[in-house]
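First the structure, in the form of structure tokens, and then the observations on it.
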Amino acid sequence: MTLIREIRAEAEWVSPSNLAIVKYWGKKNIQEPLNPSISFTLRQAVTRTRIKAEPAVEGGFTFSLNGKVKESFNDKIEAFMLHARRHLPFIRKHHLYIESSNTFPHSSGIASSASSMSALALGLIELHNLSLGKEDTQPDRMMASGLARLGSGSAARSVYGGWTLWGRFEGLKGSSDMYAIPVEEVADDFKTIRNAILIIDPAKKKVSSSEGHSLMDFHPYRDARIGQAKDHTERLLGILKDGDWDEFFEIAENEALSLHGLMMSSTPSYTLLHPNTISALALIREARAGGLTIGFSMDAGPNVHLLYPASEEEKVRSFIEKELSALCHEQKLIYDEIGPGPERNIDEI
Ligand code: PMV
């Protein structure tokens, strides 16, 4: 039997969300992806999570979001803790007070699972290291990625800054289904990529991502999708190195539309697209045909992620304000960009 050292300690992490360009859609085994995915970390959309550990006869937790105890998240956290307990035994003998807050509003349409689960994983590993009496309590990032993955697949990619790949891919050494790794070879243009998010509809999704993933199990296009994602992964790794925006947009848009196409061709079929989403996509393509360096991506929802180089910032902002903001819910949009990885103990976000 392992002896679990009692600790009375706190760990606090600020962790970013990310935007996938090659999308993870569908799972196998325990939270392993059907296909490799590539994303970049966002700067503004972050979650701060403080975990206070108190010795207790039995493990347990109290979760609060933006200062209020939130029991509606307990099932998701409990499922994650069941995994975490196996790797981090101190959890069995401590009560954890988990306080979380997001920089982005809960109803903004931005998924907070990547930032929140990665912050939680990093904080728990730091406390685990303390319980082992380690001098250096900094979490190992691969371990944090593997643990975050068990809470939410996309969270595996949120433990690093910049560009990240998750999922075994033969063309990249060290890649794994168990954890994400950083993508090192990136042209300067893509190291400063901008991402403006058009909030077309902030309402909660009718079909969750978990349900969407599970509809891939028997999807008629399952194998073709895996092949497509591998092909896009290989091409995107080359494009990121070379810095070619036209090819980048081709992949990003094809991935976004394929993701929504997979939803439309699932059984049961569904769509999360809003009429204004389609209007925005048409306007973005028209602007590109007119010479603006701009393209789009989408998550599993109606909102549109605009992608463009830092050098086009001014022109793109005036295009958004003139043509796109009217399509947004209460003209709501968020300007974000690629950012650094998680940080420890920051007082204000
Ligand atoms: O991490 P999850 O289970 O919420 O799935 C995320 C799926 C997409 O955001 C649609 C794609 C991705 O790779 O992030």
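The values are calculated or read from the model by the stated rules, or taken from the named source; none is laboratory data. Treat the numbers as computed from the prediction; the structure is a model and nothing was measured. Positions of Cβ are backbone-derived with ideal geometry, glycine not excepted, and every protein chain shown enters the neighbour counts. In case anyone asks, the SASA skips ligands and DNA or RNA and just uses the protein heavy atoms, side chains included. Shrake-Rupley method; radii C 1.70, N 1.55, O 1.52, S 1.80 Å.
Here the chain is assigned +1 on the Cβ of each Lys and Arg and -1 on the Cβ of each Asp and Glu. Its dipole about the Cα centre then comes out at about 1060 debye. Taking Tyr335, Tyr24, Tyr221 and ordering them by how much accessible surface each has at a 1.4 Å probe, largest first, produces Tyr221, Tyr335, Tyr24. Checking the Cα-Cα distances for Lys23/Lys206; Lys27/Lys76; Lys23/Lys204; Lys93/Lys205 against a 25 Å cut-off, the pairs over it are Lys93/Lys205.
Are there trypsin sites (Lys or Arg not before Pro) in the stretch 180-219 that DSSP puts in a loop and that have at most 13 other Cβ atoms within 10 Å, and which ones?
Passing both the DSSP loop test and the Cβ count: Lys204, Lys206.
3J(HN,Hα) couplings calculated from phi for the stretch 173-188 with the Karplus curve 6.51 cos²θ - 1.76 cosθ + 1.60 (θ = phi - 60°) are, in sequence order, 5, x, 6, 8, 6, 7, 7, 8, 9, x, 9, 8, 8, 9, 5, 3 Hz; Gly and Pro show x.
Under the criterion of Cα pairs below 8 Å and six or more residues apart, the relative contact order for the stretch 227-311 equals 25 percent. Per-residue extension of 0.36 nm, minus the Cα-Cα distance of Phe218 and Ser64, leaves a gain of 51.7 nm for this segment.
Taking Ala326, Ala229, Ala289 as the candidate residues, the one with maximal mean-square fluctuation in a Gaussian network model of the chain, Cα springs under 10 Å, is Ala289.
Rank these residues by their accessible area, most exposed first, probe 1.4 Å: Glu312, Glu54, Glu211, Glu234.
Working: Glu312 20, Glu54 65, Glu211 95, Glu234 120 Å².
Output order, biggest surface exposure first: Glu234, Glu211, Glu54, Glu312.
For Thr62, the solvent-accessible surface with a 1.4 Å probe is about 50 Å², rounded to the nearest 10.
When the stretch 9-183 is described by a simple charge dipole with +1 on each Lys and Arg Cβ and -1 on each Asp and Glu Cβ, the residue from Val22, Ala45, Val183 located farthest towards its positive end is Val22. Given a 1.4 Å probe and the protein chains as shown, Ser297 ends up with an accessible area of around 0 Å². Among Ala11, Phe61, Phe169, pick out the residue whose Cα is farthest towards the positive end of the charge dipole of the stretch 9-183, where Lys and Arg carry +1 and Asp and Glu carry -1 on C-beta, about the Cα centre. It is Phe169, whose Cα lies furthest towards the positive end. Scattering from the chain was approximated by placing one identical point on each alpha carbon and applying the Debye formula without solvent; log10 I(q)/I(0) at 0.12 1/Å stands at -0.85. Label-to-label distance for Arg5 and Glu234 is 4.9 nm, based on points extended 7 Å past Cα in the beta-carbon direction.
Going from most exposed to least, what order do Leu19, Leu82 have by accessible area with a 1.4 Å probe?
Working: Leu19 0, Leu82 90 Å².
Output order, biggest surface exposure first: Leu82, Leu19.
Note that the stretch 154-163 has calculated 3J(HN,Hα) couplings of 5, 5, 4, 8, 9, 9, 10, x, x, 8 Hz, one per residue in order, obtained from phi through the Karplus relation 6.51 cos²θ - 1.76 cosθ + 1.60 (θ = phi - 60°); glycine and proline are x. The H on the amide N of Glu337, modeled in the peptide plane, is under 5 Å from the matching H of Arg43, Gln44, Asn195, each at least 5 residues off or on a different chain.
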